[in-house]
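The values are calculated or read from the model by the stated rules, or taken from the named source; none is laboratory data. Just so it is clear, the structure is predicted and the values come from calculations on it, not from any experiment. Please note: Cβ atoms are built from the backbone with ideal geometry, for glycine as well, and neighbour counts cover all protein chains shown. Heads up: the accessible areas ignore ligands, DNA and RNA and are worked out on the full protein's heavy atoms, side chains in. Shrake-Rupley method; radii C 1.70, N 1.55, O 1.52, S 1.80 Å.
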Amino acid sequence: MRLIELFVPDDRSDDALSVLDDEGIDYVRTAEAGDGTDGELVSFPLPPQAVERVLSSLREAGIDDQFVVVSSIETARTPRIDELEERYVNGQEEDDSIAHEEIRSRAMNMTPGRVTYYAMTVLSAIVATAGLLLDSPAIVVGSMVIAPQVSAALTGTVGLVLDDRKMIVDGLTSLAVGLVVAIASAFVFAWIVRSGGIVPSTIDITAIVQVQNRISPGLLAIVVGICAGAAGAFGLATAIPVSLVGVMIAVALIPAAAAVGIGMAWGNVSVALGAFVLVAVNATSILFSGLAVFWYLGYRPDGWTRGSIRENISGDWVGTLAVAVVLGVVVLSLGGFVLGQYVLYENSVNDDVRTVLDDDEYADLELVEVRTEFVGVGVDDGTEVTVVVQRPADAPYPNLVSDLETALEDRTDRDVAVVVEFVDAARSTEA
């Protein structure tokens with residue numbers, strides 16, 4: 001429930017009260033004087049879903065909303081409050097969206113102080129790094145819970161849709177710097193862990209399942225970023241609690257940022273590059289999908305009027321949006337190119353592995369899984385392909401590795417190291 005307090009000059013009182021009466025709203029009037037202007041303070045309770053419509057109706061009636069306070073209250077009892085709740089919560093005018101003024105305040109209030117924001121970012125990155133190296137999904141999830149990136153992402157997105165320069169700068173700067181801090185923290189922690197012998201320096205980080213999931217910017221991983229941004233926008237723009245949405249946004253960013261740091265600490269360019277591409281693409285996807293949802297829900301820059309779009313577009317707003325769109329398109333295009341390169345490489349590897357296994361010599365083998373390293377643009381180092389096959393118990397296949405390696409190198413024009421993992425199969429015999 002929301003309590004609205006609105007200062008109305010005496011010469012506009014009849015217009016304001018007429019709007020409230022038409023909407024069936026109970027109100028209280030208190031005589032006040034503001035900046036030398038005589039008037040009254042009109043107070044009335046509303047369901048959250050009704051705030052935007054009522055304030056818009058008051059503006060259309062010529063009521064200046066330079067002094068308006070929207071506050072949360074636990075409950076309200078007035079003669080017609082049940083009718084309002086029936087209309088806006090359960091009835092034909094049901095709509096979860098909240099007022100422009102409230103969404104701006106909610107976005108700003110979500111942002112913690114700088115020290116808290118970056119301290120929590122460091123802690124979440126360290127926890128994520130430990131979870132990845134331990135291959136522990138539970139610890140990785142824990143890092144997402146304490147990550148504060150939801151505030152920066154949503155502040156920047158709200159700023160873009162409402163054309164608030166300060167919110168845009170604060171949100172996007174905090175998001176970018178926060179991710180840099182997360183990557184740096186993960187690198188330092190991973191380097192200490194590796195140098196201190198806590199984790200063997202010879203460990204193959206690409207064999208860790210939790211790391212594998214963050215170094216290949218596949219389509220499904222990018223879908224996570226798009227859905228996270230959309231869910232964050234819906235959570236902030238409606239009466240739905242946004243706390244759990246923060247975990248969703250962190251899912252798309254923090255573990256991948258930790259994987260970048262791990263790749264750097266181990267000197268593995270393909271891991272660091274693959275995870276970085278995933279971070280960049282997901283961050284951009286979160287912003288753009290959030291912007292699309294806010295626009296769909298009807299949020300527009302201040303002063304926006306329905307009608308011709310050309311009449312509402314200012315040079316400053318176009319410039320701000322154009323810069324954001326260009327940067328976003330560049331990031332998504334590069335990410336899409338890298339993703340396409342990886343998908344083509346992966347498809348080629350899968351085809352060649354199946355072709356080799358179709359040979360009569362390997363008729364008794366059954367392909368279980370093929371795992372490929374991320375192949376980055378400009379990365380000329382050899383890549384590793386792991387092939388998991390099921391074989392009759394203890395049957396030797398001494399030529400399989402060399403046959404696979406030759407076929408893959410001929411097809412991809414890269415140095416490929418092939419690892420074959422056998423899963424022995426045995427059938428029980430009935431007596």
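Do we have ARG354 as outside any strand (DSSP E or B), modelled with pLDDT of 85 or more and surrounded by fewer than 18 Cβ atoms within 10 Å (Cβ to Cβ) here? Answer is yes for this residue. Scan segment 1-18 for residues that are of a type in the set (A, V, I, L, M) and open to solvent by 20 Å² or more (accessible area, probe 1.4 Å) and the total you get is 2.
Residue pairs whose Cβ atoms lie under 6 Å apart, separated by 6 or more positions or on different chains, with the first residue in segment 93-121 and of a type in the set (Val, Ile, Thr) and the second at pLDDT 75 or above and surrounded by 19 or more Cβ atoms within 10 Å (Cβ to Cβ), are ILE103/ALA237; THR111/SER151; THR111/THR155; THR121/GLY178; THR121/ALA182. Within the set ALA407, ALA417, ALA395, the sole residue that is in a loop (DSSP other than H, G, I, E, B), open to solvent by less than 80 Å² (accessible area, probe 1.4 Å) and out of contact with any Pro (no Cβ under 8 Å at 6 or more places or on another chain) turns out to be ALA395. Every condition in (1) modelled with pLDDT of 85 or more; (2) within 18 Å of the chain's Cα centre (by Cα) holds for ALA107 except the one numbered (1).
Residues are listed down the side, and each one gets a yes or a no for (1) at pLDDT 70 or above; (2) outside any helix (DSSP H, G or I); (3) farther than 30 Å from PRO255 by Cβ; (4) of a type outside the set (Lys, Arg):
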position: VAL325; (1), (2), (3), (4): no, no, no, yes
position: VAL330; (1), (2), (3), (4): no, no, no, yes
position: SER348; (1), (2), (3), (4): yes, no, no, yes
position: LEU367; (1), (2), (3), (4): yes, yes, no, yes
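Answer yes or no: is there a residue in segment 192-208 that is within 18 Å of GLY274 (Cα to Cα), in contact with an Asp or Glu (Cβ under 7 Å, 6 or more places away or on another chain), open to solvent by less than 20 Å² (accessible area, probe 1.4 Å) and assigned to a loop (DSSP other than H, G, I, E, B). Yes, some residue in segment 192-208 is within 18 Å of GLY274 (Cα to Cα), in contact with an Asp or Glu (Cβ under 7 Å, 6 or more places away or on another chain), open to solvent by less than 20 Å² (accessible area, probe 1.4 Å) and assigned to a loop (DSSP other than H, G, I, E, B). Against the criterion of being of a type in the set (A, V, I, L, M), open to solvent by less than 30 Å² (accessible area, probe 1.4 Å) and assigned to a helix (DSSP H, G or I), ALA119 does not qualify. Here is a check on your reading of the model: is ASP360 open to solvent by 80 Å² or more (accessible area, probe 1.4 Å) and either at pLDDT 80 or above or among the aromatic types (Phe, Trp, Tyr) (or both)? Criteria met by ASP360.
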